[in-house]
Each structure stands twice: as C-alpha cells, then as structure tokens.
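Novice: Sharing a structure, written as structure tokens. Questions coming.
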Amino acid sequence: MTTSPLPTLRFAPSPNGYLHLGHAYCALQNERVAAKLGGQLLLRIENIDLDRCRRDYEAAIFEDLAWLGLSWQEPVRRQSEHFSDYACALEDLTGRGLLFPCFCSRADIARAVNAASDRPRDPDGTPLYPGTCKTMGADERAQRLASGQHAALRINMDEALAAAGMRLGWCEYGEEDESRDVTAEPALWGDAVIGRRDIPTSYHIAVVVDDHIQGVTDVVRGQDLFNATSLHRLLQALLGYDAPRYHHHKLLRDKGGEKLSKSTRAKAMRSLRNEGVSANELRRRLGFA
C-alpha cells in the first residue's frame, strides 16, 4: 500500500534586498494553502548569485517572516550549499546531448540578434538565441573548453523535446480550488541558458532540483513565473521528476501599474514595521486577516 506524500510548499526568496509587500503576499499565500491542505511550509534561501546576495539580507528575511507570524520546517535549504546537486543534473543532461556549451558573450549575441531584427522573442521579451554555438564541431568545443574558456550551458530545445517524448503540462489551480490542465510550451524559450557562465547553475535548474529533493508537491508563486513553468516542466520530465501542482497568484502593483520589486525600490516590510504598522494590520491589508 502506498501513501500520498505530505503536501509540501515552499517560500523561496533571494537575499539580495529587503522583503517588500509582494514577498509578504506570496509568503502568506503559501502559508494559507499549506494550512488548507494540511501540509507543511518550507523556507528556501535562493542565493546562487553570490555577488548580489548578502548575509544581512538573509538574516532580515528570517526576522521579517517571524514578525509576520510565519513558521517553517527546519532545516532551511540554502542553494549556495548545494551547487553539487545542480552540477549532477547538468552533467546528466549534458551527457545525454541535451545541453551544449555556448561561448558567446552578451555583445556577441546582441550583434547576431541585431542583424535579424525580426527575430522571435521569449516570454520575457528577450530575442531568442540565434544558435551561434549550437552547430559548433566537437573538436572546437573541446579545444575551447580545454583552453579554459568559460561557457554557459544552453538547452538544445529540439533534442530536449524529442527526448521528453510526451505532451507536457501541469495542473494549475486557483483561489477557489478550481483547477485546469495547462499545456506546457517550452519551445517558446528557445535554447535557454540552464547553466550560467558566471555561476555553475541557473535559476531554472536549481529550482527544479530543489523542489524534487525537498519533495515539494505544490508550488505557489507569482503570475510573473507562469511562463517559466513550461521550461521547468521540460526539465522535470528530462530528469525523471514528478510534477508539482502549481498556483500562480496575482501580483501586487504600484500606483503606476508596475509589479512591486526590489529593482523599483518597493517599500520594505521593515520600513512599515518602523512606521508602527503591526503584523496583524499588514495581514489585513493583504487580505489574510
């Protein structure tokens, strides 16, 4: 007799700035769904970008979430301590011919893209990779790597889709438990970067590996990551991982209609605390009384 896994959710901020109301909303959504499912909530620190992520921001995450009244299972997974897990997944995919090294700089790609102004774009609005290194011969690749040239790892989308060999999709559910089947469209991303030049992983492979290792059954995150789920479903299928269920919630926006983000200097939770706003008041403002 088999038993269903304990419903497991995760809130996974990056310590590259202070948490703002958008983070609070996502964390509280995860708390609500975990409680509704009778499951558990994990906290993951997504700090693969060692240049931008800082320990003081990480400490502030713990402080802000505790003030908000959240609790989570221990231990907390810090991505910077698990690069070997991501390396194993990348080696698996590379060994199967599903990833290829790309030596192009951003300037190289920009020049190639500018030469074809009508080039299609990925869901983030970036022109699709023109395939410069995709047809490079094995000898030249080996020579460049042996000489110490740094390369990103890109997915060979055509080969990856053939290897997956199935119709990919996921179960998407909303606020009222209504669910629908969504067809994944990973080809929209083209030959996306799966291993970065400057970091021995990427957000895409790290989040997929982490969710698998941590037994995440339900991913609750913002609508801005809805399209990335297509690429994540392809990676899950290629690595033999089960697919979580997904809920992509609405985004909080400023008066100008832009989503709240650190890059636009959205007001931090700790600033509201310093102004005397209580955790209960903040929960009420966000609809989690």
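Novice: Mind checking which lysines have their Cα closer than 19 Å to the Cα of LYS259? Skip sequence neighbours fewer than 8 apart in that chain.
Specialist: LYS250, LYS267
Novice: Work out from phi, with θ = phi - 60° and the Karplus expression 6.51 cos²θ - 1.76 cosθ + 1.60, the ³J(HN,Hα) of each residue of region 264-276, listed in order in whole Hz, and give x for Gly and Pro.
Specialist: Once θ is set to phi - 60°, the couplings for region 264-276 become 9, 6, 4, 4, 6, 4, 5, 5, 5, 4, 5, 7, x Hz.
Novice: Here is a further query. Counting just the Cα atoms, what span does region 13-64 cover along each of its three principal axes? Round to the nearest Å and put the largest first.
Specialist: 37, 20, 15
Novice: Helix-derived [θ] at 222 nm for the chain: sum -39500 (n - 2.57) over DSSP H runs of at least 4, divide by residue count, nearest 500?
Specialist: Using -39500 (n - 2.57) per qualifying helix, the result is -11000 deg cm²/dmol.
Novice: As I understand it, the dipole of the chain uses +1 on the Cβ of Lys and Arg and -1 on the Cβ of Asp and Glu, about the Cα centre. Which of LEU98, LEU68, LEU188 lies farthest toward its positive end?
Specialist: LEU68
Novice: Here's something else I'd like to know. Please find the FRET efficiency linking ARG78 to SER263, where r is the Cβ-Cβ separation and R0 is fixed at 25 Å, and quote it to the nearest 0.05.
Specialist: According to the calculation, E is roughly 0.65.
Novice: Could you work out the Rg to Rh ratio of region 82-202, with Rh taken as the Kirkwood radius (inverse of the mean 1/r over all Cα pairs)?
Specialist: Numbers: Rg = 16.7 Å, Rh = 16.2 Å.
The Rg/Rh ratio comes out at 1.03.
Novice: Rank-order 86-92, 55-61, 10-16 by packing density, defined as the average count of other C-beta atoms within 10 Å over each peptide's residues, highest first.
Specialist: The packing order, highest mean first, is 10-16, 86-92, 55-61.
Novice: From the backbone phi of region 278-289, what are the Karplus-calculated ³J(HN,Hα) couplings (6.51 cos²θ - 1.76 cosθ + 1.60, θ = phi - 60°) in whole Hz, Gly and Pro given as x?
Specialist: 8, 4, 5, 5, 5, 4, 5, 4, 8, x, 10, 4
Novice: Subtract the Cα-Cα distance of ARG284 and ASP56 from 0.36 nm times their separation in residues, and report this length gain in nm to one decimal.
Specialist: 79.3 nm
Novice: Percent antiparallel among DSSP beta bridges with both residues in the chain, to the nearest 5? Don't skip to the answer; put the middle values down first.
Specialist: On the way: 14 of 27 bridges.
If we restrict to bridges inside the chain, about 50 percent are antiparallel.
Novice: Grab the other residues whose beta carbon is less than 13 angstrom from that of ARG141, score K and R as +1, D and E as -1, and report the net.
Specialist: Details: positive: LYS134, ARG144, ARG154; negative: ASP139, GLU140.
Charge balance in the 13 Å sphere: +1.
Novice: Mind pulling the per residue volume of the convex hull built on the Cα atoms of the chain? Å³ is fine. If you can, show how the numbers build up before the last one.
Specialist: Working: hull volume 47.3 nm³, N = 289.
In the chain, the Cα hull volume divided by residue count equals 164 Å³.
Novice: Could you tell me the distance between the Cα centroids of region 114-155 and region 24-92, to the nearest Å?
Specialist: 32 Å
Novice: Okay, next question. Can you pull the one-decimal nm distance between simple spin-label points at CYS171 and ASP158, each 7 Å off the Cα toward Cβ?
Specialist: 3.6 nm
Every number in this text was worked out from the coordinates using simple rules, so none of it is lab data. Being a predicted model, the structure only gives us computed values, none of them experimental. FYI the Cβ positions are ideal-geometry reconstructions off the backbone, even for glycines, and counts take in every protein chain you see.
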